[in-house]
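The next block holds one structure in the form of structure tokens; read it before the comments.
The values are calculated or read from the model by the stated rules, or taken from the named source; none is laboratory data. Quick caveat: nothing in here was measured; it's all calculated off a predicted structure. Here Cβ is always computed from backbone atoms with ideal geometry, including for glycine, and neighbour counts include all displayed protein chains. To get the accessible areas, we keep the full protein, side chains included, count just its heavy atoms, and leave off ligands, DNA and RNA. Shrake-Rupley method; radii C 1.70, N 1.55, O 1.52, S 1.80 Å.
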Amino acid sequence: MGKSKTSATGQGYVGEVMVHRASGAVGVVETVLEAKAGWPPELTLKLADGSFKKGKLSDFREPSGGERKKISAE
């Protein structure tokens, strides 16, 4: 059974593999600032090189099969 994720609040995204839409960088969700009062949730993605990408949930997408293998191999 998979994790339950709620896109409205951002709950359940910590530890998930995600892709930054603008840069195409693949990483694991490190932290989530939950949505409040109409604002979208904010994610912090930790990349393989140790750097971070921050943004709204809409700035990220689920990885394809190849992208998921890429992060699990590292």
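A few remarks follow.
- Count of segment 11-43 residues which are part of a strand (DSSP E or B) and either over 14 Å from Asp59 (Cα atoms) or hydrophobic (A, V, I, L, M, F, W, C) (or both): 12
- From Gly10, Gly38, Gly50, Gly24, residue being surrounded by 14 or more Cβ atoms within 10 Å (Cβ to Cβ) and on the phi > 0 side of the Ramachandran plot: Gly10
- Residue count for segment 15-54, restricted to those that are closer than 19 Å to Lys70 by Cα and among the hydrophobic types (A, V, I, L, M, F, W, C): 12
- Entry remark, segment 53-74: residues being closer than 16 Å to Tyr13 by Cβ, open to solvent by less than 100 Å² (accessible area, probe 1.4 Å) and not in a helix (DSSP H, G or I) number 7 in total.
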